Amino acid sequence: MVGGRTRSYLVHVPSGAASAPGRPLVLDFHGYSRTAASQKTGSGWLALGDAMGIVLVYPEGVSASWNVGGCCGTAGTDNVDDVGFARALITKLSGQLCIDPRRIYASGVSNGAGIAARMACDAGDVFSGVALVSSDLRTQPCKPARPVTEIAFRGTADTLEPYEGGTVGPAGMTFESPGARGSFALWKAIDECSATLKTITKYCETYTECRDGVEVTLCTMPDVGHSPYDNQIGLDLAKTMWDAFSRVPLRPL
C-alpha cells in the first residue's frame with residue numbers, strides 16, 4: 001500500500017547464493033499502456049540477471065502509466081506517488097532478498113524511462129544508476145541528492161519521441177522534449193562532467209570524467225525506432241546498461 005493504493009510488481013530472483021554483502025537490484029519500468037509482464041519478457045534483462053546474480057523487479061504502473069511530467073495517463077493526472085512506491089518496494093525487498101544498497105539501479109522504456117529518470121532526480125540517495133530507453137529527461141528541475149550514472153538509448157528513426165526533440169506525446173498529453181542531444185547536455189551538467197568524450201561501446205558516447213566517478217552516456221542507434229530492445233544493429237541494451245552500471249565506484253555503506 002502506497003498513497004492509499006495497492007501496488008503490484010513482478011520479481012525475478014537469480015539462482016544461487018547471494019554474494020556478500022548482497023545482490024544488485026534493477027527496477028525495470030514498462031512503457032505507457034504496457035505491463036510489468038511485457039517488460040519482463042521484452043527488455044532483455046532476464047538472461048543477464050541470471051548470469052550476473054541480479055535481482056530484477058518489474059513494477060506495475062497505475063492504469064499502465066507512470067507519473068512523469070506532462071505525460072502520460074492516469075498516474076500523471078492523479079499525481080500518483082511512484083517515487084514513494086519505488087522506495088517502499090526497495091525497503092521491502094531489501095529485507096527479504098539480501099540486496100546490496102550500493103547497487104540499486106533503474107531502467108525503463110518510453111514513459112517507463114521517464115520514471116527511471118525521475119528516480120535519479122528525486123531518489124538519487126537510493127539509486128546509483130539509471131538507464132533510459134526511448135525517452136529524454138522530463139523531470140525539471142533535476143537535482144539528485146548525489147551524482148547518478150545515466151545511460152540513454154535513442155533511435156534516430158523514433159517517430160513517437162523524435163531524436164531531435166520538440167513537441168511530443170499523444171493528443172492531450174503532449175510535452176516539450178529536449179531531444180537526445182539536449183538531454184545528454186542536461187545530464188552532463190547535472191553530474192558535473194568534463195568536456196571529454198570517449199567511445200567505450202560502439203554507437204555510444206560517454207562522459208567518463210564526472211563527479212564522484214559516475215558516467216553519462218548517449219547511445220545513438222541509426223535507423224532504430226521507438227522499441228529498440230530487439231534492434232537490427234546488434235546492440236545488446238541490457239548488457240550495455242550493466243557494463244555502465246558496473247564501472248561506477250561503489251559508495252561506502
- Note on the structure: Scanning the range 149-174 for residues that are farther than 12 Å from residue 135 by Cα and in contact with a Cys (Cβ under 9 Å, 6 or more places away or on another chain), the one modelled with the highest pLDDT turns out to be 149
- Message: Just to verify a result, which residue in the range 206-241, among those that are hydrophobic (A, V, I, L, M, F, W, C) and in contact with a Cys (Cβ under 6 Å, 6 or more places away or on another chain), is farthest from residue 110 (Cα to Cα)?
- Response: 210
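So, in the range 202-228, exactly how many residues are touching a Gly at 6+ places or on another chain (Cβ under 6 Å) and either under 14 Å from residue 152 (Cβ atoms) or at pLDDT below 95 (or both)?
If we filter the range 202-228 for residues that are touching a Gly at 6+ places or on another chain (Cβ under 6 Å), which is where we start, we get 221, 224-225, 228.
Next cut, either under 14 Å from residue 152 (Cβ atoms) or at pLDDT below 95 (or both) only: 221, 224, 228.
Total satisfying the criteria: 3.
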- Check every one of the helices (runs of 4 or more DSSP H) wholly within the range 1-107 and list those with 3 or more residues that are surrounded by fewer than 20 Cβ atoms within 10 Å (Cβ to Cβ) and modelled with pLDDT under 95. 45-52, 82-97
- Query: Could you list, in sequence order, the residues of the range 202-227 that are assigned to a loop (DSSP other than H, G, I, E, B), in contact with a Lys or Arg (Cβ under 9 Å, 6 or more places away or on another chain) and over 23 Å from residue 102 (Cα atoms)?
  - Reply: 224
- Note on the structure: For the range 178-192, the count of residues that are surrounded by fewer than 22 Cβ atoms within 10 Å (Cβ to Cβ), farther than 11 Å from residue 152 by Cβ and among the hydrophobic types (A, V, I, L, M, F, W, C) equals 2
- Out of curiosity, is residue 248 modelled with pLDDT of 95 or more and β-branched (Val, Ile, Thr)? no
- Message: For the structure I just gave you, tell me whether residue 148 is more than 20 Å from residue 67 (Cα to Cα), touching a residue at least 60 places away in the same chain (Cβ under 8 Å), out of contact with any His (no Cβ under 6 Å at 6 or more places or on another chain) and β-branched (Val, Ile, Thr).
- Response: yes
- Quick one: residue 117 ticks every box in (1) closer than 14 Å to residue 31 by Cβ; (2) out of contact with any helix residue (DSSP H, G or I) (no Cβ under 7 Å at 6 or more places or on another chain); (3) in a strand (DSSP E or B) except a single one, so which number is it? (3)
- Message: Pairs needed: first member in the range 117-128, under 14 Å from residue 191 (Cα atoms); second member anywhere, aromatic (Phe, Trp, Tyr); C-beta distance under 6 Å; at least 6 residues apart or different chains.
- Response: 120/127
- Query: Any chance the range 77-87 includes a residue that's out of contact with any His (no Cβ under 6 Å at 6 or more places or on another chain), under 23 Å from residue 175 (Cα atoms) and touching a residue at least 60 places away in the same chain (Cβ under 8 Å)?
  - Reply: yes
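The values are calculated or read from the model by the stated rules, or taken from the named source; none is laboratory data. As the structure is a prediction and not an experimental result, all values here were calculated from the model. Glycine also receives a Cβ, built like all others from the backbone with ideal geometry; neighbour counts cover every protein chain displayed.
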